[in-house]
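Colleague: Got a structure for you, written out below as structure tokens; questions coming shortly.
The values are calculated or read from the model by the stated rules, or taken from the named source; none is laboratory data. All values derive from a computational prediction rather than experimental measurement. Positions of Cβ are backbone-derived with ideal geometry, glycine not excepted, and every protein chain shown enters the neighbour counts. What goes into the accessible areas is simple: the full protein's heavy atoms, side chains included, and nothing from ligands, DNA or RNA. Shrake-Rupley method; radii C 1.70, N 1.55, O 1.52, S 1.80 Å.
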Amino acid sequence: MRNVLVGPVSVVGRASMGLMATLGGATMLLGRILRALLPPRFDRDEAWRQLYAVGVKSSAIVMVTALFVGAIMVIQTAFYVQRTGATSLLGFGVGFTVFAEIGPILIGLMFSGRVGANNTAELGTMVVTEQVDALRALAIDPIGYLVVPRFIAMIVMMLMLMALGDVFAIIGAALTADTLVGVDPSVLIGDILDSHLLDEYLLGLGKAFCFGVSISVLSCWYGLGVRGGATGVGRAVNNSVVANAAAIFFIDFVMGWIFPVGL
Amino acid sequence: MNAALERGFRAVGAPLVAVGSHAFGIYSVFAQVVMALLKGAVRWREVVRQSYLIGNRSLFFITVTLGFLGLISVYQVASQIQRILPDFTMMGPAFIQLMWREFAPTITGLMIATRVGSGIAAEIGSMVVTEQVDALRMCNADPVRYLIVPRTIASTVMVMMLTIYAVFIATIAGMVLADVVFNVSPSTFVSLSMVSGQDVVLGLVKALSFGFWIPIVAGQAGLSASGGSAGVGWATTRAVVASSFAVILLDFIISGIGYTVFDL
Amino acid sequence: MIEFIDIHKSFGPKHVLRGVSLTVEQGQVLYLVGSSGAGKSVLVKHLVGLLRPDSGRIVLDGRDITWLSEAEFYPVRKKCAMVFQNSTLFDSMTVLDNVALPYRKHHRLDRAEASRRALEKLALVDMEHAARRFPGDLGDGLRKRVAIARALTLDPEFVIFDEPTTGLDPVAAANVDQLIRSLRNDTGVTAIVVSHDLRSIFTVADRIAMIYEGHIRLDGTPEDFRRSADPVVSQFIHGRPDGPMKI
């Protein structure tokens, strides 16, 4: 009986304590990053290298994901449009969900899985092999050298990939509309363009910017906090992707609440 | 000219070869899992333990993510309805239907791919690089049967359970928001009038296939880890990407077949 | 001159250093010896601020550096370089870029000039032939040489070597010993070497300090160690399996 009562409380308590520790640590890291940016004190060469590396790692998976997101949204929207007979809303429905809601969430999750997880693994490996200590011993600040370039690269790339991903989602939607739903692609694309979805598109980019911040800060924080060899690195990547997924849904909610879009 | 041509072929070919060998690796783990299941060689005690780790331990995570998803989708949809036709009677039923058909299974699948997929790869990957998997082989314990089969069964059952839970949580969150912000009474919002048996079946088929494939894809990534902590990190990353992508791909295939063949 | 004054350090319940006091004079090769886990590496990491003591003070050239902030430690680290046990080269960069990095970051040199100076340092350890290779392609002994070259880039007065010969084959180990010796003779740096490699202790050291159970057990010349009547010291330097040493 006692366990039934205390169990859930202690689970929630422990989860909240963990949440507070993560939030506090990540906020402090963000503060240190911002301090290193004003005035800019970070390694430009490393920033270029990170931009290239992040782009190469994530562009293929984001584009393929976007194709399927568009495809799935067409199928789901078509189901409702068929039942209600409101064919004119197909373009709006697809465009709205892809630009403002499901597109950002799924592209953000994929980016977090590919780039965020990889970043935690890389930094974690540098910590357990003492490469971060070696940087400090060479009197090089790990924040300015390792973290800030990754922070910049992830924000820039997340924005670019979201802009590009929206295009691929529309392509995926058009292809599926043609083959599965029997709607001419040019009609669908015309509908989407006529639906005045600029606000939705900008909201998606705004979300991408915030995802970029949270993915880079959280993944760096978990990476730099790794303890205990190969097992520690694996566990840190696990924690990092979980925290990032929760952050993505939270940001999505807050942004959608602050900036209402639509008709 | 030839050198440029060769470089071009390499740039296109190398990723294709990598994806191909990756897919073959997943297929081979899949075949071994099926063989083990057919033979009935299952460690049920381990299945129960993994079910707890995969299912119960994900409750908090699913509550947070699906809760926010429920809040924001109802908010978005209700704001649109408020501006065109202020009639909220259909919103709740349609929301619950869409959750069953699409979002509860897919988002739950993605969350489990993230949390459990990376966990499986991290655990098995660490065992590989510390040669514990070789030690298993030396004791004549097949790593796939020993490690991946119990996780596959557990996750298949648990993702279905969590999907039902996810519908529940998203509905509660949406209901509260609709009541507080748009004055839609809970009795109007919560209605299963639009949810057909077919919708439920479609949702559960999705959940079942996501649950079945996530441990296979992630386990294969873990088993192919090599070379210390960098290798484990890389395997974990690959597990997250590959199992999330598997969820999206399966969702597309099942939705597509459902729509075209069964008119779902 | 470096002074460690009554340093205490615990990790959880493990009280590793229990009041270590040690003075390092300029221009010496000091070997810090003791069995594995005695706290040798722990002690030297305090000098560059990678660890902070629970109590006690560290004085570098008359200045108390115990509680400097991370940023204030940077000048100290330029003065005291460290060669890590596993070399810890940055494995995403070539050997040349590894050695050029401190030049680019601290002297604000452009890439060409930094590379030129890095090649000079690599020549000092006979590694200029491997400049374009990646650390992962080199053997442990060669990686150690590159790590030494990288530590020398800031022209330090003190170089800490953390177990420089552990895990190396005998020839590579003898090579590293010779390198430490010639660095002392040619550039006049002070070397603090953490080691339990008996052969190099007696071929290279000017002075030896032995840590045992959290204290300095004996501090003296190699000759003092050979003559010591202390049963713990004599067990250690003769590598006998049984005796009073607690393992």
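Colleague: Out of curiosity, is B:ILE216 away from every other protein chain (no Cβ under 11 Å), more than 23 Å from B:VAL34 (Cα to Cα), under 15 Å from the mean Cα position of the chain (by Cα) and of a type outside the set (Lys, Arg)?
Modeller: No; evaluated as a whole, the condition is false for this residue.
Colleague: Same structure, new question: Could you list all residues from the stretch B:166-183 that are of a type outside the set (Val, Ile, Thr) and crowded, with 19+ Cβ neighbours inside 10 Å?
Modeller: B:ALA166, B:ALA170, B:ALA173, B:GLY174, B:MET175, B:LEU177, B:ALA178
Colleague: Within the stretch A:151-167, does at least one residue satisfy the condition of being on the phi > 0 side of the Ramachandran plot and crowded, with 20+ Cβ neighbours inside 10 Å?
Modeller: No: the stretch A:151-167 contains no residue that is on the phi > 0 side of the Ramachandran plot and crowded, with 20+ Cβ neighbours inside 10 Å.
Colleague: Also, quick follow-up: Hey, could you check the stretch C:105-118 for residues that are at the interface with chain A (Cβ under 10 Å from one of its Cβ atoms) and within 14 Å of A:ASP45 (Cα to Cα) and say which is most open to solvent (accessible area, probe 1.4 Å)? So that I can check it myself, show each step before the final result.
Modeller: Within the stretch C:105-118, the first condition is being at the interface with chain A (Cβ under 10 Å from one of its Cβ atoms), and the residues that meet it are C:105-106, C:111.
Then drop every residue that is not within 14 Å of A:ASP45 (Cα to Cα), which leaves C:105, C:111.
Values: C:LYS105: 50, C:ARG111: 117 Å².
Out of the qualifying residues, it is C:ARG111.
Colleague: Which of the helices (runs of 4 or more DSSP H) found entirely inside the stretch A:175-263 contain at least 2 residues meeting this: at the interface with chain B (Cβ under 8 Å from one of its Cβ atoms)? Give the derivation first.
Modeller: Numbers: elements: A:185-194, A:198-224, A:229-258.
Correct list: A:229-258.
Colleague: Still on this structure, I have one more. If I filter the stretch B:68-90 down to residues being within 26 Å of B:VAL201 (Cα to Cα) and open to solvent by 10 Å² or more (accessible area, probe 1.4 Å), which single residue comes out as nearest to the chain's Cα centre (by Cα)?
Modeller: Ranking the candidates gives B:PHE68 first.
Colleague: Which of the residues belonging to the stretch A:135-146 are touching a residue at least 24 places away in the same chain (Cβ under 8 Å) and in a loop (DSSP other than H, G, I, E, B)?
Modeller: Listed by number, the list holds a single entry, A:ASP141.
Colleague: Taking the options A:VAL132, A:VAL94, A:VAL127, name whichever one is more than 8 Å from chain B (Cβ to nearest Cβ), touching a residue at least 40 places away in the same chain (Cβ under 8 Å) and open to solvent by less than 10 Å² (accessible area, probe 1.4 Å). Spell out the reasoning first.
Modeller: On the way: A:VAL132 fails: open to solvent by less than 10 Å² (accessible area, probe 1.4 Å); A:VAL127 fails: open to solvent by less than 10 Å² (accessible area, probe 1.4 Å).
Step by step, each of A:VAL132, A:VAL94, A:VAL127 is checked, and only A:VAL94 is more than 8 Å from chain B (Cβ to nearest Cβ), touching a residue at least 40 places away in the same chain (Cβ under 8 Å) and open to solvent by less than 10 Å² (accessible area, probe 1.4 Å).
Colleague: Restricting the stretch A:58-77 to residues that are under 11 Å from A:ALA173 (Cα atoms) and aliphatic (A, V, I, L, M), which is most open to solvent (accessible area, probe 1.4 Å)?
Modeller: The qualifying residue most open to solvent (accessible area, probe 1.4 Å) is A:LEU67.
Colleague: Can you pull out every residue in the stretch A:189-204 that is of a type in the set (A, V, I, L, M) and surrounded by 17 or more Cβ atoms within 10 Å (Cβ to Cβ)?
Modeller: Once the filter is applied, which keeps residues that are of a type in the set (A, V, I, L, M) and surrounded by 17 or more Cβ atoms within 10 Å (Cβ to Cβ), the stretch A:189-204 yields A:ILE189, A:ILE192, A:LEU197, A:LEU203.
Colleague: Further, regarding this structure: Does C:MET127 satisfy the condition of being touching a residue at least 24 places away in the same chain (Cβ under 8 Å), open to solvent by less than 40 Å² (accessible area, probe 1.4 Å) and closer than 19 Å to A:ASP141 by Cα?
Modeller: No, not satisfied.
Colleague: Those residues that are free of Cβ contacts under 8 Å to residues at least 40 places away in the same chain and either within 12 Å of chain A (Cβ to nearest Cβ) or touching a Gly at 6+ places or on another chain (Cβ under 6 Å) (or both), I need them from the stretch C:147-173; list them, please.
Modeller: C:LEU168, C:ALA172 - these are the residues of the stretch C:147-173 that are free of Cβ contacts under 8 Å to residues at least 40 places away in the same chain and either within 12 Å of chain A (Cβ to nearest Cβ) or touching a Gly at 6+ places or on another chain (Cβ under 6 Å) (or both).
Colleague: For a quick check of your reading: which helices (runs of 4 or more DSSP H) sit entirely within the stretch C:84-174 and have at least 1 residues that are among the aromatic types (Phe, Trp, Tyr) and more than 25 Å from C:VAL42 (Cα to Cα)? Give the steps one after another, and end with the answer.
Modeller: Working: elements: C:95-106, C:111-124, C:140-152.
Answer list for the stretch C:84-174: C:95-106.
Colleague: Follow-up question, since we're still on this one. Can you tell me which residue is nearest to B:LEU71 (Cα to Cα) among those in the stretch B:142-169 that are in a helix (DSSP H, G or I) and at pLDDT below 90? Steps first, answer last, please.
Modeller: Of the stretch B:142-169, the ones in a helix (DSSP H, G or I) are B:143-169.
Okay, now just the ones that are also at pLDDT below 90, so B:143-147.
Details: B:PRO143: 42, B:VAL144: 40, B:ARG145: 41, B:TYR146: 41, B:LEU147: 38 Å.
Taking the candidates together, the pick is B:LEU147.
Colleague: When the residues of the stretch B:125-140 are narrowed to those that are among the hydrophobic types (A, V, I, L, M, F, W, C) and more than 8 Å from chain A (Cβ to nearest Cβ), which ends up most open to solvent (accessible area, probe 1.4 Å)?
Modeller: That would be B:MET138.
Colleague: Search the stretch A:201-215 for residues that are within 10 Å of A:MET255 (Cβ to Cβ) and pair each with any residue that is of a type in the set (S, T, N, Q) when their beta-carbon atoms are under 9 Å apart and the residues are at least 6 apart or on different chains.
Modeller: Filtered contacts from the stretch A:201-215: A:PHE211/A:SER112; A:PHE211/A:ASN244.
Colleague: A further question follows. Take the stretch B:58-89 and flag every residue that is without any contact (Cβ under 8 Å) to a residue 12 or more places away in the chain and facing chain A (nearest Cβ under 9 Å). Please lay out each step first, then the result.
Modeller: We begin by selecting, within the stretch B:58-89, every residue without any contact (Cβ under 8 Å) to a residue 12 or more places away in the chain; these are B:60, B:64, B:72, B:76, B:79-81, B:83-87.
B:PHE60, B:VAL64, B:ILE72, B:GLN76, B:SER79, B:GLN80, B:ARG83, B:ILE84, listed by residue number.
Colleague: What's the total number of residues in the stretch C:59-104 that are charged (D, E, K, R), facing chain A (nearest Cβ under 9 Å) and open to solvent by less than 70 Å² (accessible area, probe 1.4 Å)?
Modeller: 3
Colleague: Can you name every residue in the stretch A:82-91 that is hydrophobic (A, V, I, L, M, F, W, C) and either surrounded by fewer than 21 Cβ atoms within 10 Å (Cβ to Cβ) or closer than 17 Å to B:MET99 by Cα (or both)?
Modeller: Here is the first cut: in the stretch A:82-91, the residues hydrophobic (A, V, I, L, M, F, W, C) are A:86, A:89-90.
Answer for the stretch A:82-91, where residues must be hydrophobic (A, V, I, L, M, F, W, C) and either surrounded by fewer than 21 Cβ atoms within 10 Å (Cβ to Cβ) or closer than 17 Å to B:MET99 by Cα (or both): A:ALA86, A:LEU89.
Colleague: Could you identify the single residue in B:LEU264, B:LEU249, B:LEU223 that is within 10 Å of chain A (Cβ to nearest Cβ) and either modelled with pLDDT of 90 or more or within 21 Å of A:LEU106 (Cα to Cα) (or both)? Walk me through it before giving the result.
Modeller: Numbers: B:LEU264 fails: either modelled with pLDDT of 90 or more or within 21 Å of A:LEU106 (Cα to Cα) (or both); B:LEU223 fails: within 10 Å of chain A (Cβ to nearest Cβ).
Going through B:LEU264, B:LEU249, B:LEU223 in turn, the sole match is B:LEU249.
Colleague: Kindly establish whether B:ALA122 is among the hydrophobic types (A, V, I, L, M, F, W, C), buried (at least 23 other Cβ atoms within 10 Å of the Cβ), more than 30 Å from B:SER73 (Cα to Cα) and touching a residue at least 24 places away in the same chain (Cβ under 8 Å).
Modeller: Working: among the hydrophobic types (A, V, I, L, M, F, W, C): yes; buried (at least 23 other Cβ atoms within 10 Å of the Cβ): yes; more than 30 Å from B:SER73 (Cα to Cα): yes; touching a residue at least 24 places away in the same chain (Cβ under 8 Å): yes.
So B:ALA122 fits the description; yes.
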